[in-house]
Amino acid sequence: MSGPTQGATDASLRRFLLVINLLGAASVLSALLDPSALLHPPAVIRLLAAGTAFVVGELALLHIRIGDENHSFTWSEAAMIIGMVLVPAPWARIIGPLGVALVHLWCRRSAVKVAFNAMSFAVALVLARVTFDLVGGADPGIHQLRTWLALSLASFVFFVWNGGTVATAVALSQGLRVRDVYRRGLALQAFVWMGNTTFGLVIVTAAARDRRLLVVVPLFLVFLYLADRGYLRAMEERDQWRLLQQVSAGLVSVDGDALVTQLLEGARELLRADVVELVVTEAAGTAARYCSFEAGTCEHTIGADQVLDPEALGLATVLAAPLVDGHGSVGRITAGFRSAHKLTARHRHV
């Protein structure tokens, strides 16, 4: 990305973050518009339970790679439903963003990310509450179908807002289209949203009907976690094998220099690496080096014992494997990653 283009991208990202922070601050301060609710707080146990839900809901419990990116999935929609039912809206707008900020501070995120996540969460709570009030009316009771529908729609608005703001921030930071970023892994995110919404509804309904029913919550939580994890892993495996088939088919249809380029680009995509190096040993102690970066491929001659320089390329992890034939080693293939990375058994097999 060129200098002027990068500068424009950075400026757009800063403006977007500023807007989100201002909207979030306004959302938190809107709690002051209902002084009666603030002067008559709910029971301490409710405040603690809601605060705990917001904190736990922001913790990333599932991690998966979709394409070239790492995605984290949380229980935030379930936490939103629990918090909305447990405490009045003004209190949720205060303790919700506070809980989110504490989680990201504990994870040692930058101040910019802490502010963005907390303020975006505050706006999401306001939008979810407005949706609930419009659909649920005068709060007919947690056992009513209308309330379940209102909470589900509020959760959906919450989900769309959070996904949209994160996708926008990522797109602006990388110079990509928001639509393209938002669509990555959308089916998986929707699956997690449905599970989180169901879990939140089960919790608040069980607590309202008979608190003794909450003893089954841990079992339900484990079941939901395993279901989410199994589905996400299965989708990841499917995408990887589909990509492997595409790469293999491409190798059959090309030859010569095009074969090397196809091999490098295919390996970089399959391994989700930032850099892939292919070294083929030649005579007289020299070797042909082929490299694949995001910007394209390159080729040059090096000494057979030369290795990739991680520091020069800004790589945090470098993994290499020898290339062998019936007569011994004929070179090596190396994958470099700009973040800490460990190949799975499936990736090593590939």
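Each reported figure results from applying straightforward, stated rules to the coordinates on display, with no laboratory input. Remember, predicted model here, so these are calculated numbers, not experimental data. Methodologically, a virtual Cβ is constructed for each residue, glycine included, from the backbone with ideal geometry; neighbour enumeration extends over all protein chains shown.
Tabulated data for the structure shown
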{"item": "Stretchable slack from K113 to M194, in nm (0.36 nm times residue separation minus alpha-carbon distance)", "result": "26.5 nm"}
{"item": "Fully extended contour minus Cα-Cα distance, from L149 to V280, at 0.36 nm per residue", "result": "41.0 nm"}
{"item": "Label point distance in nm, A37-T52, each placed 7 Å from Cα along Cα→Cβ", "result": "2.3"}
{"item": "Computed FRET value (nearest 0.05) for L23 with A316, which takes r as the C-beta separation and R₀ as 41 Å", "result": "0.70"}
